[in-house]
Amino acid sequence: MLNRRSLVISSALSFAGTRSMAQNRSLVLGFAQVGAESQWRAANTKSIQESAEAAGVKLQFVDGQGQQALQIQAIRSFIQQKVDVIALAPVVTTGWDEVLTEAKKARIPVILTDRSVETQDDNLYITTLGSDFTEEGRRAGRWLLRNAKPTGTIRIVELQGSTGSAPAIERKRGFDEVIRAVPRMKVVRSETADFTQPKGKTVMASFLKAESNNIQVVYAHNDDMALGAIQALEEAGLKPAKDVIVIGVDAVKGAFEAMRAGKMNVTVECNPLIGPQLMDLVRLAADGKPIPKRVQSREGVFPMEIAEREYAKRKY
Ligand code: GYE
């Protein structure tokens, strides 16, 4: 599932190249996961665990509980255990140079899954497997431009993902890029709600209070926060999806259920089922084979009108 843009062959591979061909032995993969903050994350963890099992890869799984320090600790312990490959879903984008340099010195290839990092040297990891979050933000923005009422100021509130994470930074950037072209679209409040439903609810409740309910759109960086916002809207006596447009990202089942109930307008897909692709990359990395620097997952946009039809097909 590579798009044309992602076919850039990595120069970082050579450091895995001298390791023995891994084809016929059982590989050990150390995986530092973000946490368990959302429905997306639960599906992602399950996909990786099941795919490892199916591929005969021994998985050392560490839940980072949303903390970079725990993920760094996990990577150091993977290095000590001499795992074959490390996969990291980084909580935040920065602060990885030191530990990734340690992995490189130990000649253990690192695959980034789901989220990207910003390092001095992009040869500290082999590839990034995941979604294009900026494009997801643009898709949310484009849907809004097509579906908002045609005149008057549109007051938007934004529920951001975890501060400093790639999806929060990029979903904001992509959305802003698109709506900036239309001056009557105004983001009046934008705060983090940490990608969780409870925080989505409390932050939305505070927005409604601060804006005296004068809000036309909520753009949430994930569906869990959108579902929390829906609860806050109802508690404030407003009708979600009717009085206030509700936009989410991920396309988890919970969003489809809300759309079928007429309470959510749209969700932009972000596919968490990247386990099978990850296992293919793990095998290639262990064998020192060439891998594109960016491997993309495929996804779409689902408005409420097709929620009923699509629901049965959803796997997460
Ligand atoms: O959208 C959100 C999760 O990194 C793509 O993290 C992932 C995001 C996902 O908590 O629900």
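Points to keep in mind about this one:
- Some residue of the stretch 208-230 being touching a strand residue (DSSP E or B) at 6+ places or on another chain (Cβ under 8 Å), of a type in the set (S, T, Y) and either open to solvent by 40 Å² or more (accessible area, probe 1.4 Å) or in a loop (DSSP other than H, G, I, E, B) (or both): no
- Selection count, the stretch 82-121, where residues are among the charged types (D, E, K, R) and within 15 Å of the ligand (Cβ to nearest atom): 2
- Search result, residues across the stretch 91-126 that are within 23 Å of K46 (Cβ to Cβ), of a type outside the set (S, T, N, Q) and in contact with a helix residue (DSSP H, G or I) (Cβ under 7 Å, 6 or more places away or on another chain): V91, V110, I111, D114, R115
- Inter-residue pairs, beta-carbon under 6 Å, first within 17 Å of V249 (Cα to Cα) and in the stretch 140-153, second in a helix (DSSP H, G or I) and open to solvent by less than 60 Å² (accessible area, probe 1.4 Å), 6+ apart: A140/F175; G141/F175; G141/V178; G141/I179; R142/V178
- Taken over the stretch 126-151, the residue count meeting the criterion of being open to solvent by less than 40 Å² (accessible area, probe 1.4 Å) and more than 16 Å from the ligand (Cβ to nearest atom) is 6.
- Contact map, the stretch 161-177: first residue within 18 Å of T94 (Cβ to Cβ), second residue in a helix (DSSP H, G or I) and among the β-branched types (V, I, T), Cβ cut-off under 8 Å, separation 6 or more or different chains; pairs are E170/T134; R171/T134; R173/T134.
- Inclusion of G30 among residues that are away from the ligand (no atom under 16 Å from the Cβ), under 23 Å from the mean Cα position of the chain (by Cα) and not in a helix (DSSP H, G or I) is warranted.
- Unmet criterion (only one of (1) open to solvent by 10 Å² or more (accessible area, probe 1.4 Å); (2) part of a helix (DSSP H, G or I)) for I48: (1)
- Selected residue (only one of A286, A307, A241 is over 30 Å from E53 (Cα atoms) and either touching a strand residue (DSSP E or B) at 6+ places or on another chain (Cβ under 6 Å) or open to solvent by less than 10 Å² (accessible area, probe 1.4 Å) (or both)): A307
- Number of the exception - L112 against (1) at pLDDT 95 or above; (2) open to solvent by 40 Å² or more (accessible area, probe 1.4 Å): (2)
- Filtered residues of the stretch 239-271 (kept if part of a loop (DSSP other than H, G, I, E, B) and either within 13 Å of the ligand (Cβ to nearest atom) or not acidic (D, E) (or both)): K239, A241, K242, A251, V252, A261, G262, K263, M264, N265, C270, N271
- Which listed residue is more than 26 Å from E305 (Cα to Cα), within 15 Å of the ligand (Cβ to nearest atom), under 25 Å from the mean Cα position of the chain (by Cα) and surrounded by fewer than 21 Cβ atoms within 10 Å (Cβ to Cβ), from T202, T192: T192
The values are calculated or read from the model by the stated rules, or taken from the named source; none is laboratory data. What you see is a predicted model; the values in this text were computed from it and never measured. Cβ: placed from backbone, ideal geometry, glycine included. Neighbour counts: every protein chain shown. What goes into the accessible areas is simple: the full protein's heavy atoms, side chains included, and nothing from ligands, DNA or RNA. Shrake-Rupley method; radii C 1.70, N 1.55, O 1.52, S 1.80 Å.
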